[in-house]
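Okay, structure first, notes after.
The values are calculated or read from the model by the stated rules, or taken from the named source; none is laboratory data. Just so it is clear, the model here is predicted, and its values are computed rather than measured. Note that each Cβ is placed from the backbone with ideal geometry, even for glycine, and that neighbours are counted across all protein chains shown. Heads up: the accessible areas ignore ligands, DNA and RNA and are worked out on the full protein's heavy atoms, side chains in. Shrake-Rupley method; radii C 1.70, N 1.55, O 1.52, S 1.80 Å.
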Amino acid sequence: MRGVSHLKLMEYEKSDTELSKISENNPYYDQAEWYLAMNAYHSNNPELYKVRLKALANNKSHYKSDIASKLLKETE
């Protein structure tokens, strides 16, 4: 919640820090990955945004894989 709250407040560094703390064992890890990508987009970091989208697009079991693939194509 803190990471998303910081994102909405345009506190991108704080958001990234909080979201990055979420471990792979956490049931919200997939959501954290998505919000990390959105954080990169909103903080105007296109290279990191693409890296994070690629990771999501390549993970076919991720709930946002299809959307990440679509967004990735739009950035190229």
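Brief remarks follow.
- Listed residue (S15, N39, A68) projecting farthest to the positive dipole end of the chain, Cβ model: A68
- Between T17 and E76, the contour length at 0.36 nm per residue exceeds the Cα-Cα span by 18.5 nm.
- The residues of region 4-76 present an accessible area of 69 Å² per residue when probed at 1.4 Å with all protein chains retained.
- Value of Rg/Rh across the chain [Cα atoms, Kirkwood radius]: 0.96
- Sorting the segments 17-25, 65-73 by their mean number of nearby beta carbons within 10 angstrom, highest to lowest, gives 65-73, 17-25.
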